[in-house]
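Please treat every number below as a calculation from the coordinates, not as lab data. Since this is a predicted model, take the numbers as computed values, not measurements. Neighbour counts are summed over all protein chains in view; Cβ atoms, including those assigned to glycine, are modelled from backbone coordinates with ideal geometry.
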Amino acid sequence: MTRKVVLYTLAIGFALYLVVPFYWIVNMSFMHEADAASVPPHFLPDNPTPENYLSFANPSAKEALVGSNAVADTPYAVLNSLVVAFSTAVVNLVLGTFAAYSFSRIRFRGSQVLLIVYLLTRMVPGIAIIIPFYLVMRTLDLLDTYGALILSYTTFALPITIWILKDYFRTVPRELEDAARVDRCGWFRMMWTVFLPISAPGLVAAAIFSFMTAWNEFMFALFMTSTISSQTIPVIAANFATDVETQVTLMAAAGVLAVVPPLVLVLICQRLIVQGMAAGSVKG
Amino acid sequence: MTPETSFSRRRVLQLGALTASLPALSSVLAACGGGGDSSGAVKFSGWDYESALVQANVDRFVQLNPGVPVEYTPITSSQYVQKTVAEFTGGGGPDALYVYDDSLAGWVAAEYLQPLDGLPGVDEVYAGIYPSNAEAMTVDGKRYGLPYYTDTQCLIYNEAILAKAGISAPPKTLDELEQQSQRIKDAGILEFPIGLTAQLQDTWQAWVWGLVYASGGDMFDEAGNPVMDGTDPTAREVLAWLQRAATVSRVIDPAVLQLLPVPLDDAMKAERYAFTIGARYALRDYNDPARSQTAGNLKIAYIPSLDGSATGTVSTTRMYALSKDTEVQDKAFQLLTYLGGFTDGQPYTAKYWFQKKGLGFPFKALEQDPEVQAGIATFADPEIYSGLADAARPRTVVKQPWYSEYENEQQKTVQQILNNQTSPDDAVRSLSAAVASLKQKYS
Amino acid sequence: MTLTAADTEQPPAAAASRPRRGLSDTARAYLLNAPAMIVIGLLVAYPIGYSFWLSLHRYNLKLPALERFVWFQNYLSLVSDPVFLSSLRVTVAFVVVVLGMTVILGTALALVLNETFLGRGVLRSLVLLPWAMPGVVNGLMWRTIFDAKTGALNGLLLQLGLIDSYQAWLTSPTGAFLITAFAQVWNTLPFTVIILLAGLSTIPSEQYDAAKVDRAGVVQRFTQVTLPWLLHPLLIVLILETMNAFRAFDTIYVLTGGGPGDATNVIAVLNVRTVLTYTDFGLGSAYSWVITIVTLVISIGYISTLYQRGRIEV
């Protein structure tokens, strides 16, 4: 019985811890500006209004008050973030699958060093590489395009993707591959029809990880982009922090918009994420 | 594990050294790829203050000069300096750009900009602007900018709040400022009558300089040597006053440590503070009935000084400059002239900014312009407004290569004064020591 | 993702049963790695190498005339650089506090989620919420919550009668430090919980049954059954979160900008400022490499202490 009490107390405590901060900005996003600054605060909007969200669709109404284009840019920034994060996830899975397969199935010289080198590239802070990276992107004529961001984030996420996938691939029974081979399947065909479908949880976990890496990143997004044709939501959110005549309710609404798409995604894939990560822990 | 990994680390280091030879290769690649912007447009970038108005003005320029297409890119203010540095370092800088007086000397040294001496119309511009602006845009005797706007720091007070506390005239000395604030506090009108912006920023904390300059002092001599710890006691006394007002009489809001400029503006417009120190142009916004609950009540005054005798303040100059490596120099300079010079004998854009947003004008002649005079009268006392312009001095220390590091140290020190983590004596001593070590680092 | 013994000790019979098609296994493996190696090599290897090369130079953009190769002088100068040393102290404290809170909260949350109770599915979903929040937005969110004038925390505490008047939480050095650490933990907790939960989900239920038969108490069951299985995922959490905490920038930058004073001036913030505001690329690169090497050494440290027994594998 005490066990139950402890369990439920902890569960409720954690639920509050996780939700209350986010609830606060959701709450504010439905307020009028005057209510948001009231003392004591309203923990529920007195007369809720969708006005802040509507102003993203119709920014001209707010333009008189808002100095920068952040409001008009927000919906496009969410769209850019989606495109970039989704593409990053796909590119990562393709590149990661090949590499991870080699680590999970083939014994080869230098595999250990290679794995560490992959990981090492993640230990160098972004600021160290941002300027030469900018130069590379400029040389490739990719500045201010999705390409620059997708490539950046691919390199960020790829090492961890490979680690996640190699662990999951190792749990796939070898017999399945052998069976496919007996059927004279080519390697690509075998991967596509047998191996990858079985590895779905690992692939989903890796994809979500890459997606989040891309969705959340700020500094490279700031430096590799210059216009709304590629700026992502963290860049625009930062504008709200410093430049816009602070309408906190508007900022809160932009913050909520920045959270909802990935949140929906992880909620859908919730079960597969844990399952996909679990593979690594089954080890000898 | 350990041996393998350290081995692999060595490997990586070797690899690093190897790839270091690549810059040559990539600069060759860059040279091939970067054969100039095929569109021939002038790439123009600036921080994103009122970017819609900038775009409108640029559009007007393009209409007047159909042969000069302009690609305007606003960059978020808080990251403008950093992003511009990254762009120039990566070889992708703009052709024409905004420059802070704070950054000018460093950017000249880094060879981002080219001098404008000898280009048509530059002499006329420099003859028509205030000497402090001309000085701010000159490095080693060469002129690098055409002015965007200039402004000076001033005391801004809410007349209505002062009247409620029975105060009829703004403070002349810092002690009066503290006493008046105390009266407002005691009357229960505001708990903390003084608001400032003291969160760490990558731009300058203008009001600190304003306070010191108002009392006739400086942190540095002309040669860039620190005097705050030696011959000039002003900075120490100003810091001592700040500490007293923040921690003893508690009239400065402790929350200023997390206050940024825009939220401060909001607070002033919402009557949450009676006093602040800010730029003159802020008053235009504060006294705009469409944007401020307390329009008409916010007044301009000289910054209070230690003994009430001195009048002084600090000025800042924002300018337009020309990139060193621009491939469209003539067109870019045409744009620059439109923005920072004369169009048909008139400083069109400077006046545009004054009329639209109240930004201080660098051209002396505009003082006599009836439209401008009428404009000033709508938000500030014209006599004090121009008196401040006459009394203002630019910071000379911004020409030192270590200035940005110093500014950061000074901001941190001011924070520590405000939250009582250091004493004024220690503060000036550590600032002076910081300068000494910076000088050594840069020698 | 995990570090397993099998990485070097390749799967039994793996290569042996594979029919060879003219390529050796090693060649085939590198062929499979080629796309990833090319992308990483082309895009990151050069910048990483270049930054190391820069760290061996005196190189401030404002002083192009003074640029020269100085070997390890930038690194040696750090020993007596008060700015760096104070930042290092703050960073170490930050990493320790963040890691401590992350591991404790993460383990507790994962253990709770591993039990069966009403609403477990809901909590499992909620735990992912902070993951979806970009660091910049996270910083903004906590700013509004801890705001001195209108913040939710002030309002709540006042209504509960715990404080008499609104407090400026972010203005004391300790307050600002703890709040940034707290905000960072909230943001990174989900990934930790996922990894730990994944680890817990692989514990065979027979082991718990066996423990029950032995009448082991809750604590005993945790130390004897759960903890050994959690060591592996905990190791990964420690490595990844150490990396994250050393590089934490977005949230802190938005929340405090590194202040007040030096209170939250962690090395990542100092590093960005040194490179982009002070344009000191030489010193800035040296900072970056210090972060890299410290992270690497700590990762190795974790692995070797946690895996003393038996052979150590990566």
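A few notes on this one:
- Legend: ranking of residues C:Met243, B:Met268 from fewest to most surrounding C-beta atoms inside 10 Å; resulting order C:Met243, B:Met268.
- Helix-only arithmetic for chain C: the sum of -39500 (n - 2.57) across DSSP H runs with n ≥ 4, divided by the residue total, places the mean residue ellipticity at 222 nm at -20000 deg cm²/dmol.
- Helix B:329-340 vs. chain B, principal-axis angle (Cα, 0 to 90°, nearest 10): 10
- Listed residue pairs exceeding 19 Å between alpha carbons, taken from B:Lys331/B:Lys351; B:Lys399/B:Lys439; B:Lys83/B:Lys324: B:Lys331/B:Lys351
- Shape parameters for the protein assembly as shown, alpha-carbon atoms, Rg then Dmax in Å: 30.1, 98
- Most to least packed among B:412-423, A:261-272, A:227-238 [average Cβ atoms within 10 Å]: A:227-238, B:412-423, A:261-272
- Shape analysis of chain C yields a ratio of the Cα radius of gyration to the Kirkwood radius, Rg/Rh, of 1.04.
- Take each residue in B:432-443, count the other chain C-beta atoms within 10 Å of its C-beta, and the mean is 2.
- As a length-normalised measure over Cα pairs under 8 Å and 6 or more apart, the relative contact order of chain B settles at 23 percent.
- Exposure proxy order (Cβ contacts within 10 Å, fewest to most) of A:Phe103, B:Phe363: B:Phe363, A:Phe103
- Taken residue by residue and averaged, Cβ atoms of other chains lying within 10 Å of the Cβ of B:77-84 number 5.
- Sequence-separation-based contact order of segment B:282-415, relative, with Cα cut under 8 Å and 6+ spacing, percent: 28
- Using a Gaussian network model of chain A in which every pair of alpha carbons under 10 angstrom is joined by a spring, one finds that among A:Thr154, A:Thr121, A:Thr213 the greatest mean-square fluctuation is at A:Thr121.
- Cα-based helix-to-principal-axis angle, B:51-64 vs chain B, degrees rounded to 10: 60
- Antiparallel %, DSSP beta bridges [both residues in the protein assembly as shown], to 5: 70
- Reachable lysines, given that their alpha-carbon falls under 20 Å from the alpha-carbon of C:Lys149 and they are not under 8 places away in the same chain: B:Lys185, B:Lys269
- For B:Ala160 and A:Arg174, a Förster radius of 60 Å and the Cβ-Cβ distance give a FRET efficiency of 0.15, rounded to the nearest 0.05.
- Convex hull volume of the C-alpha atoms in segment A:2-49, normalised per residue: 82 Å³.
- Peptide C:277-286, shielding by other chains (average Cβ, 10 Å cutoff): 6
- The angle separating the long axis of helix B:403-418 from the principal Cα axis of greatest extent in chain B is about 30 degrees.
- For chain C, the membrane-span-like helix rule (DSSP H, alpha carbon extent of at least 15 Å along the helix axis, mean Kyte-Doolittle at least -1.0) picks out C:25-40, C:82-114, C:135-146, C:173-200, C:227-247, C:281-306; this says nothing about an actual membrane.
- Relative contact order, percent, segment A:70-281 [alpha-carbon distance under 8 Å, six or more residues apart]: 37
- Globularity index of segment A:143-284 is 1.37 (Cα radius of gyration / 2.2 N^0.38 Å, N = number of residues).
- For chain A, the membrane-span-like helices by this rule, meaning whole DSSP H stretches whose C-alpha atoms cover at least 15 Å of axis and whose Kyte-Doolittle mean is 1.6 or above, are A:126-139, A:248-278; this says nothing about an actual membrane.
- Exposure proxy shown here: for B:Glu159, C:Glu241, the number of other Cβ atoms within 10 Å sets the order, fewest to most, as B:Glu159, C:Glu241.
- Translational diffusion of segment B:200-328, µm² s⁻¹ [Kirkwood Rh, Cα pairs; Stokes-Einstein; 4 °C; 1.567 mPa s]: 76
- Taken about its Cα centre, segment C:214-314 carries a charge dipole of about 360 debye when Lys and Arg each add +1 at the Cβ and Asp and Glu each add -1 at the Cβ.
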